[in-house]
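Q: Quick one: this structure, given as structure tokens, is what I'll be asking you about.
The values are calculated or read from the model by the stated rules, or taken from the named source; none is laboratory data. Quick caveat: nothing in here was measured; it's all calculated off a predicted structure. Every residue, glycine among them, receives a Cβ derived from its backbone with ideal geometry; neighbour counts consider all protein chains shown. The protein model used for the area step is the full one, side chains on, heavy atoms only, and it has no ligands, DNA or RNA in it. Shrake-Rupley method; radii C 1.70, N 1.55, O 1.52, S 1.80 Å.
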Amino acid sequence: MAIINSSEIRLKVLTLKHHARQKFFEFLASPNAPIYIKVIGLAAAVLLLLLVLKILSWIMMLAFYHSDSVSYLLEYYDPKTPRYLDTSDFRSSEDNIFDLEAYKEELFHINEYNTYLSDRLPINRIHKDPRSEKCRNKAKKLPPDSELPSTSIVIVMYNEELSVLLRTIVSILLNTPMESVKEVIIIDDKSSKDELGDRLEKELQAFPFVRLIRNSKREGLIRSRIIGSKAAEGSILIFLDSHVEMGQGWYQPLVARVMEDPKTVSLIYAKKCM
């Protein structure tokens, strides 16, 4: 039986890749090649690069998620339509045509933001780093992630749009050193939307670090946050809204200030580097 040397195979693959790449760029630089062939070749190379980057982003996200949720993570979040609205109200009585614009407008008035668009955006979208160069340089002087104390993130929500709530949770996951996050606590202040019942609990199974606490009656924002703080197990409490998307580097400056003085109340201020 022939013995396969993995090192030799890897070397041959790398050599073939190098020769292929070299031939490709030589072809593009050749004066004899037609212009349209060069354009097509360059476009194909760009598309291949974008595909590789997309696959790498999927692989990076899979490293954070629960193993049972792989199929869920590779898809955009696209809830069923209609959800809690009766779409018959937007159909003409004469020809039974669905009025999409009226449907979008009604969704907007419920939450005062573009719910229709939110439901069609990926929950795992990644934004560019919003920090200035000054802030990024200051972040290098903060304590390393391994030295940060444990935190509990408390989010109070009432009738929040499901796609917005999930995007909030995923943005925390993608932009926070999760080794220092003890838990994310969702306080449901007795929401009445159907999709925030059993369906929400099913969606949250993908996030083992999330705890869902439901109030038996409407408590309001402050009392709900107090309920969350009493249930928290982390050393530091962080309170967030249920309709936010956290950016890169949001977490470390807040926790670092509290580490300096445990009596500190640290706030996120987007216009200024703390």
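Q: Would you list the helices (runs of 4 or more DSSP H) that sit entirely within the stretch 175-274 and hold 3 or more residues that are in contact (Cβ under 8 Å) with a residue 24 or more places away in the chain and of a type in the set (A, V, I, L, M, F, W, C)? Talk me through it step by step, then tell me what you get.
A: On the way: elements: 198-203, 221-231, 251-260.
Where helices (runs of 4 or more DSSP H) fall fully within the stretch 175-274 and carry at least 3 residues being in contact (Cβ under 8 Å) with a residue 24 or more places away in the chain and of a type in the set (A, V, I, L, M, F, W, C), they are 221-231, 251-260.
Q: Output the residue which, of all residues in the stretch 142-155 that are farther than 11 Å from MET259 by Cβ and open to solvent by 20 Å² or more (accessible area, probe 1.4 Å), is modelled with the highest pLDDT.
A: Step by step, filter the stretch 142-155, then rank; the result is SER150.
Q: Limited to the stretch 247-262, what total is found for residues that are aliphatic (A, V, I, L, M), touching a Ser or Thr at 6+ places or on another chain (Cβ under 8 Å) and open to solvent by 20 Å² or more (accessible area, probe 1.4 Å)?
A: Narrowing the stretch 247-262 to residues aliphatic (A, V, I, L, M): 254-256, 258-259.
Imposing the further condition that a residue be touching a Ser or Thr at 6+ places or on another chain (Cβ under 8 Å) reduces the set to 254-255, 258.
Checking the rest, the ones that are also open to solvent by 20 Å² or more (accessible area, probe 1.4 Å) come to 258.
The qualifying residues number 1.
Q: Of these, VAL181, VAL265, which one is under 30 Å from ASN137 (Cβ atoms), out of contact with any Pro (no Cβ under 8 Å at 6 or more places or on another chain) and open to solvent by 90 Å² or more (accessible area, probe 1.4 Å)? Steps first, please.
A: Numbers: VAL181 fails: open to solvent by 90 Å² or more (accessible area, probe 1.4 Å).
The match here is VAL265.
Q: Taking the conditions exactly as written (modelled with pLDDT of 95 or more, open to solvent by less than 70 Å² (accessible area, probe 1.4 Å) and among the charged types (D, E, K, R)), does ARG225 satisfy them or not?
A: Numbers: modelled with pLDDT of 95 or more: yes; open to solvent by less than 70 Å² (accessible area, probe 1.4 Å): yes; among the charged types (D, E, K, R): yes.
Spelling it out, ARG225 is indeed modelled with pLDDT of 95 or more, open to solvent by less than 70 Å² (accessible area, probe 1.4 Å) and among the charged types (D, E, K, R).
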